[in-house]
Amino acid sequence: MIARRTMLAYLAALAAPIASALPLPGPATPARRARIFTLLAKAEGPADQAFRAQLALDGIDTEIVPREVGSDIVKITAAVREARARGADLIYASGAALAEALAGPAGANDPARSVTDIPIVFTALTLTPEQGVALATGRRNVTGVAAAVPPALQLDAIRAYRPFERVGVIVNPANKTTLATVEQLRTAAALHNVALIERHLPLDPRGQPLASALPELVAALARQEAQLLYVPQDDWLATNGKPLTDAALAQHLPSFTADATLLRHARALFGLVPSPESAGRIAGHQAARILKEGAAPGTLPVQGLPRNRCIINMSVATALELYPPVALLNTAEILR
């Protein structure tokens, strides 16, 4: 018994210096919040809000640093410089033009021309074919959501409402995305045996469209027997959507649009529009995978939306006495 007690005491004495040398457990170091710079072309919209909300749902603790940079390359460059200086974990770009400015041209891998050191996630409700190529799947440092509704699908939606054979379109020559959309629309119209009647907005000396020309352009389309006015997704046209759609109604001309603004805040009849909330949620989940799982942006495909939203403005349908078919009423969002 004595020998056993002696041995235990010896072992305890031997272990004591080791135990005293071990550090005492302290408070756990909290994980650093993910710092995300959100670059916005204008004030935060539904897609941008949904992006932030999805990150929270995916359990990502974030510090959001918003920067409204418009299309000003000086502001964009300054925001990127600040993001690097502050150790940003991710940059979110609202819109294809901003994403393209950050990622650089297709095939670019030059840090002087593109952001190669901070992951980029974008949402784009409109984009040109060139932007689509520049932001395509497989780019090493960018992913996101390209939610634009192809003009061919828009024309299918138009034909589902009524077999319109003569479609007028107002073209903003100052917007390259609008020009690309109209080019795709020409191709789709030819395949559908639809006559596309185009009227281009005149520009002022600064290269900006003249809003005062809208009523006459719409009247000219009516004189050319257009049965429907197609309004492309275009920020300038959306800003002037009320006078534009009012002018169309004065000519008893229904309006179709790819921009929900013209349905909710102007007097377009119907449209097939992308859901900005869905786009933001998908982009937020992509960002969460990058931040939580360490996924490389280039391994995450640029995604489209699983479905688009048909919206019908019934007050306009009543004013025009142009009611939608039951098949559309069963699936569309109806505005009263």
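Values as computed for the structure displayed
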| item | result |
| --- | --- |
| Test: residue in the range 74-87 that is closer than 21 Å to Arg281 by Cβ and either modelled with pLDDT under 90 or out of contact with any Gly (no Cβ under 7 Å at 6 or more places or on another chain) (or both) | no |
| Complete set of residues in the range 257-295 that are assigned to a strand (DSSP E or B) and either out of contact with any strand residue (DSSP E or B) (no Cβ under 7 Å at 6 or more places or on another chain) or surrounded by 24 or more Cβ atoms within 10 Å (Cβ to Cβ) (or both) | Thr257, Phe270, Gly271, Val273 |
| Verdict on Pro66 being modelled with pLDDT of 90 or more, within 23 Å of Ser275 (Cα to Cα) and in contact with a helix residue (DSSP H, G or I) (Cβ under 7 Å, 6 or more places away or on another chain) | no |
| Unmet criterion (only one of (1) touching a helix residue (DSSP H, G or I) at 6+ places or on another chain (Cβ under 6 Å); (2) in a helix (DSSP H, G or I); (3) modelled with pLDDT under 90; (4) surrounded by fewer than 21 Cβ atoms within 10 Å (Cβ to Cβ)) for Glu130 | (1) |
| Failed condition for Gln154, given (1) touching a helix residue (DSSP H, G or I) at 6+ places or on another chain (Cβ under 8 Å); (2) without any contact (Cβ under 8 Å) to a residue 40 or more places away in the chain | (2) |
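Conditions (1) modelled with pLDDT under 95; (2) more than 26 Å from the chain's Cα centre (by Cα), marked per residue:
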residue	(1), (2)
Leu191	yes, yes
Glu198	no, yes
Trp236	yes, no
Asp246	no, yes
Leu249	no, yes
His252	no, yes
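The values are calculated or read from the model by the stated rules, or taken from the named source; none is laboratory data. Because the structure is a prediction, the values reported are computed rather than measured. Neighbour counts run over all protein chains shown; Cβ positions are idealised from the backbone, glycine included.
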